[in-house]
Structure formats: structure tokens, C-alpha cells
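Notes for the one structure printed next.
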Amino acid sequence: MYNSFLKGTVLLALKKVGEIMTDSMEQVEDIIRECTKLGYALKQVACLNQRSLFNVQEVNAYGERSLMIDLILEELCVNFFKGIPSIRNIISEESGYLDFNRGRFTVILDPLDGTKNFTMGLSYYACSIAILDENGHVRGSYVINLANGHEYTAIKGVGAFRNGQPIHTMKHQHLNQCDGIFVGLAKTERELQAMKRVILQLKSYRAMGCAALDLCCVAIGAASVFVDISFTAKLVDVLASSLILEEAGGRVTTENGISITQLTAQGNIRRITLQQKFCTFGAANAALQEVLMDTSRLQRPIQQ
């Protein structure tokens with residue numbers, strides 16, 4: 001009788017957990033769908049391309065310069081998420097940590113990734129949004145190319161999509177089959193040599209200046225590897241598109257082989273997001289990822 005009672009209690013608990021997980025996924029799916037409305041508004045502002053939008057206004061949460069366009073797009077995003085009761089807080093490249101003291105989800109936000117491209121008139125810049133649960137697990141992503149309106153989305157365990165259509169990575173296993181994308185400024189001899197080792201193996205490579213979209217290019221099969229060996233990558237730049245690439249079949253890690261999408265589950269989300277910087281290695285599949293890491297030979301000891 002005791003065993004029957006215990007078994008019943010366990011089954012009831014599992015059922016409850018399942019209901020919570022289903023409810024959570026539905027909430028994330030709803031948020032991602034709503035982001036399409038936000039994306040349209042952001043694109044309308046970005047397409048104005050007025051010189052006043054290039055004016056430097058202040059220093060952002062990372063000590064970097066913020067332009068007027070960065071702040072305007074952030075304000076649109078913040079006001080949007082304020083209207084969604086399930087959003088608890090936002091960690092943004094511009095303002096840092098914003099707490100609404102409600103809900104359960106955290107938004108990791110870069111209102112404008114590729115600011116330099118925007119100021120140069122190059123049509124390759126994006127807004128990047130990742131949705132995290134209370135344990136720091138990335139549950140959903142939304143990235144929009146603000147120049148052409150293409151939208152990239154992902155729900156953990158469901159898949160990745162471009163403009164609503166499923167996307168998948170290439171099946172390449174060797175670097176000499178691959179087109180690659182680089183971002184970030186490699187400056188030290190160690191970094192330059194690591195870049196050289198990878199470049200010599202690739203079929204071709206590009207440097208396009210927007211990590212969020214670069215990883216999405218790997219997700220749709222336009223390229224097969226992505227490399228940033230500058231030790232300046234931030235979660236606000238690459239977290240959302242890392243989930244998109246993973247759900248499309250790829251893998252994205254730091255120089256130490258840690259999955260980008262696992263970083264926020266390792267401790268204080270706020271501290272990790274605002275303080276950690278790293279290298280980023282993305283590939284179309286796990287096997288190619290290992291080849292890429294071995295070729296770069298850039299791994300550094302993990303500090304305890």
C-alpha cells in the first residue's frame with residue numbers, strides 16, 4: 001500500500017512538472033510570435049538612417065559608446081517587454097540590468113548588433129533577443145536583420161526557422177569544404193596565428209561585422225563555420241543566434257568548448273552576461289566543431 005501511494009505521488013509530481021514545462025514552452029512561443037510586431041517597429045526606425053541617429057549619447061553597460069540609434073531601439077524593446085507580464089527582467093547591452101519585479105523570464109537583449117555597419121550604410125545589422133527561464137536556460141530566440149526584415153527564430157527542442165520556414169545547417173565534415181565567417185579584431189600574435197591556421201584550411205571566408213547574423217548564416221547553410229577569436233564576444237551579441245544555430249543542427253562554444261547556451265545556467269545570469277567575454281566558435285555540426293577547435297588551438301586554461 002505504501003509503495004502504491006509513493007508511486008501515485010511520484011506520477012502526480014511528474015504530471016505537474018510536465019504541465020509546467022508545457023505551459024512554459026507555450027509562453028515562450030507566444031513571446032517569440034509577438035516579437036514579430038516589435039521587429040517591424042525596430043526596422044521602421046532603423047531604415048530612417050538619419051545622421052542624428054549616429055550621434056554618440058553615452059557609455060553603455062560594457063563601457064562602450066552608445067549612439068542615438070542604440071538607445072532608441074532599446075527604448076522600443078523595453079517598452080514592448082514591459083507589456084508582457086511573464087517578463088521579469090531585461091539585461092541589455094545599453095542600459096544593463098532592468099528589473100520589472102514580476103514574471104519568470106529574463107530577456108538578453110542587444111538592440112543593435114552591427115552598429116558600425118549601420119553607420120557605414122552597410123545593410124547588415126540586427127536586433128538580438130534571447131528568452132531565458134528562471135534557471136538561466138535559453139528557451140527561445142528572435143533575431144531580425146533590421147536592413148531587410150528577415151527574421152530568425154528558435155524554440156528550444158522545437159527547431160529553428162527563417163521567416164517561419166525550418167532551417168538546417170550544412171553536413172560538411174572538413175574545413176576545406178567550408179565557407180567561413182570571421183568577426184572581431186584579432187590583435188595578438190597568438191590570435192593572429194590561430195586565425196591563420198583556420199583560414200588556410202577554408203574554401204573561402206568573409207568578415208561581415210555582425211555576429212548575430214553571422215551565426216544565423218551558418219544556421220541556414222550559407223556558411224559552415226563562424227570564428228571570433230578576439231576574446232571580446234558578449235552574450236548579448238551571440239546568445240540568441242547560438243540557440244538558433246543549435247536548433248538548426250550546429251554547435252557554438254567558447255574557446256574552452258563550453259556551449260554558449262549553457263553559460264547563463266552556470267550561475268548569476270546578470271553577472272555572467274555583463275562581465276564575461278570570450279571567443280566564439282560556431283560550426284554546422286558537432287564533428288566540424290571539433291575540427292575547428294583543434295585547428296585553432298586557442299584553448300586557454302579555465303581559471304578556478
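The values are calculated or read from the model by the stated rules, or taken from the named source; none is laboratory data. Just so we're clear, the structure is a prediction, and the values are computed from it rather than from any experiment. Just so you know, the surface numbers come from the protein's heavy atoms only, side chains and all, with ligands and any DNA or RNA stripped out. Shrake-Rupley method; radii C 1.70, N 1.55, O 1.52, S 1.80 Å.
Distances between every pair of Cα atoms in the chain, grouped in 20 Å steps from 0 to the bin holding the largest one, split as 34, 55, 10, 1 percent. Mind jotting down the distance between the C-alpha centroids of region 201-251 and region 44-115, whole Å? After rounding, the separation between the Cα centres reads 22 Å. Computed over the alpha-carbon pairs of region 115-215, the distance histogram in 10 Å steps reads 13, 33, 36, 18, 0 percent, short to long. Let a ≥ b ≥ c be the square roots of the eigenvalues of the Cα gyration tensor of region 82-164; is it rounded (a/c under 1.5), or, if not, prolate (a/b larger than b/c) or oblate? Verdict is oblate for region 82-164. For the residues Cys127, Cys216, Cys178, a GNM of the chain with alpha-carbon springs under 10 Å puts the largest fluctuation on Cys178. Straight-line reach from Lys203: which aspartates and glutamates have a Cα under 13 Å away, not including same-chain ones fewer than 8 places off? By straight Cα distance, Lys203 reaches Asp179. The residues of the chain expose on average 47 square angstrom of accessible surface per residue, using a 1.4 Å probe on protein heavy atoms.
When the solvent-accessible area of region 214-300 is split by element, carbon and sulfur atoms take up 41 percent of it, the probe being 1.4 Å.
Between Gly164, Gly184, Gly140, the GNM of the chain built on Cα springs shorter than 10 angstrom shows Gly164 fluctuating the most. Counting heavy atoms of the protein chains alone, His174 has an accessible area of about 110 Å² for a 1.4 Å probe.
Keeping all protein chains in place and using 1.4 angstrom, which order do Leu215, Leu76 fall into by accessible surface area, from largest down?
Working: Leu215 0, Leu76 60 Å².
Putting Leu215, Leu76 in descending order of accessible area: Leu76, Leu215.
Mean sequence separation of contacting Cα pairs (under 8 Å, at least six apart), scaled by the length of region 145-266, corresponds to a relative contact order of 29 percent.
Among Asp214, Asp23, Asp113, which one moves the most in a GNM of the chain with springs linking Cα atoms closer than 10 Å? The residue with the greatest mean-square fluctuation here is Asp23.
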